[in-house]
Amino acid sequence: MKFTINRSAFISQLNNVLRAISSKTTIPILTGLKMVVANDSITLTGSNSDITIESVMSASNEDYELKIAEPGSIVLPARFFSEIVKKLPDKHVTIEITSGFQADITSGSAKFQINGQDVENFPHLPEVEANNTVVLANDMLKEVIRQTVIAVSKQESRPILAGIHVTLHDGLLTAVATDSHRLAQRKVQLDGVGDVNYDVIIPGKSLDELSGMISDVDDDVKMQVTDNQVLFIFGNTHFYSRLLEGNYPETSQLIPDTSDTTVEVDAGTFLSSIDRASLLSHESRNDVVKLTIKPGEKLVRISGDSPDIGMVEEDVATSAVEGNDLEISFNPNYMKDALRSFGQSTVKISFTSPLRPFTLVPTEDTENFVHLITPVRTF
């Protein structure tokens with residue numbers, strides 16, 4: 001195996017693949033970077049057994065200035081190899097396997113020799129059928145992930161809640177996440193998906209990582225599913241993630257369809273108010289903020305207190321307030337996360353009682369995005 005490549009272009013692809021490689025793994029070879037050199041391309045692969053990222057550099061792409069002298073393959077220690085390549089002095093780097101699994105790395109006057117491993121010991125990627133491909137717009141996918149991943153559970157006691165439940169039925173894509181204290185649900189109507197149906201649970205960490213990667217490209221994203229893997233394809237990158245096994249809890253009944261009290265607020269303004277109130281609530285043992293609503297007086301007030309420090313009280317500007325008087329307490333962090341996910345839109349918040357979950361929806365699209373928060377009992 002021997003090839004020469006533009007070093008900076010090589011580094012950008014290395015950085016992509018390194019996202020999937022962890023130094024903490026029970027499978028030692030997964031700390032390595034798999035490199036397969038064909039006659040006209042190089043494929044880099046990194047994996048941590050949860051996600052696998054594969055990047056293909058084609059000789060036909062002039063940016064890589066790729067010259068392949070001899071095909072071959074090797075697994076190299078990933079972090080060490082990438083640090084070497086980043087610190088090399090010249091514009092180009094040449095990598096050659098000399099004997100066994102020893103790699104020579106040459107650039108300008110610098111030369112390194114590092115030991116690699118046999119690619120046959122590297123886990124094989126699953127075969128994914130292309131006949132269930134769905135094309136997702138880049139911006140739409142990023143938004144769906146951003147708006148739902150915030151509700152994914154961080155607790156290990158219920159592993160299934162660490163995922164986002166993604167279904168596709170009759171062209172309607174639905175993504176739901178809940179940690180049992182809050183829930184985020186986003187729906188998108190897709191065109192041209194035919195009779196493709198999905199019902200999978202994708203780890204939130206995987207989708208978070210994917211979101212960061214597709215932010216760097218403009219390409220649409222192709223999604224394909226197998227029994228236990230999902231594959232996203234964009235640009236020259238293949239992003240595999242394992243799927244979570246099990247049944248996701250039925251969430252549709254959790255979202256109330258009636259309300260006794262409603263408030264419409266600007267998401268950004270309300271977020272600032274909650275942020276100020278939480279300065280004191282964070283110092284309190286129970287970390288809650290109270291919302292007092294009196295529609296007859298057009299009053300919506302946020303308050304928070306800490307026995308050791310003091311209290312805060314602020315009236316909230318609203319565009320509409322209707323229904324019954326209400327006092328309700330909640331975790332301000334949940335509210336802040338939800339409000340950030342709405343951006344700069346006007347949000348309608350609907351309540352049924354002080355101890356029942358309440359919902360937030362954007363007023364311009366009440367059907368396709370809903371956030372649900374469970375209140376905190378304070379008496």
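The values are calculated or read from the model by the stated rules, or taken from the named source; none is laboratory data. None of the values given here were measured: they were computed from a predicted structure. Positions of Cβ are backbone-derived with ideal geometry, glycine not excepted, and every protein chain shown enters the neighbour counts. Only protein heavy atoms, including side chains, enter the accessible area calculation; ligands, DNA and RNA are left aside. Shrake-Rupley method; radii C 1.70, N 1.55, O 1.52, S 1.80 Å.
General observations
- Residues of segment 304-348 that turn out to be among the hydroxyl-bearing types (Ser, Thr, Tyr) and more than 28 Å from Gln147 (Cβ to Cβ), as a count: 1
- The condition of being over 17 Å from the mean Cα position of the chain (by Cα), touching a residue at least 24 places away in the same chain (Cβ under 8 Å) and within 12 Å of Val144 (Cβ to Cβ) holds for only one of Leu210, Leu190, Leu173, that being Leu190.
- Residue within segment 205-213 that is open to solvent by less than 20 Å² (accessible area, probe 1.4 Å), polar (S, T, N, Q) and under 30 Å from Ser353 (Cα atoms) present: no
- Residue in segment 61-82 that is among the polar types (S, T, N, Q), open to solvent by less than 40 Å² (accessible area, probe 1.4 Å) and under 15 Å from Ser8 (Cα atoms) present: yes
Rundown of residues vs (1) of a type outside the set (Ser, Thr, Tyr); (2) under 26 Å from Thr359 (Cβ atoms); (3) surrounded by 18 or more Cβ atoms within 10 Å (Cβ to Cβ), yes/no style:
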residue: Ile233; (1), (2), (3): yes, no, yes
residue: His238; (1), (2), (3): yes, no, yes
residue: Glu245; (1), (2), (3): yes, no, no
residue: Pro249; (1), (2), (3): yes, yes, no
residue: Asp260; (1), (2), (3): yes, yes, no
residue: Ala277; (1), (2), (3): yes, yes, yes
residue: Ser281; (1), (2), (3): no, yes, yes
residue: Arg301; (1), (2), (3): yes, yes, no
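- Total residues in segment 179-234, condition of a type in the set (A, V, I, L, M) and assigned to a loop (DSSP other than H, G, I, E, B): 4
- Filter result for Ile349 (surrounded by 17 or more Cβ atoms within 10 Å (Cβ to Cβ), in contact (Cβ under 8 Å) with a residue 60 or more places away in the chain and not polar (S, T, N, Q)): yes
Here is a yes/no grid of residues against (1) within 25 Å of Leu125 (Cβ to Cβ); (2) at pLDDT below 95:
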residue	(1), (2)
Lys142	yes, no
Glu156	no, yes
Thr178	no, no
Asp195	no, yes
Gly204	yes, no
Phe234	yes, no
His238	yes, no
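- Among strands (runs of 3 or more DSSP E) entirely within segment 1-110, having at least 3 residues that are more than 22 Å from Val217 (Cβ to Cβ) singles out 2-6, 32-37, 67-70, 72-77, 92-97, 102-107.
- Enumerated strands (runs of 3 or more DSSP E) restricted to segment 235-312, each holding at least 2 residues that are closer than 30 Å to Gly46 by Cα and among the aromatic types (Phe, Trp, Tyr): 237-242
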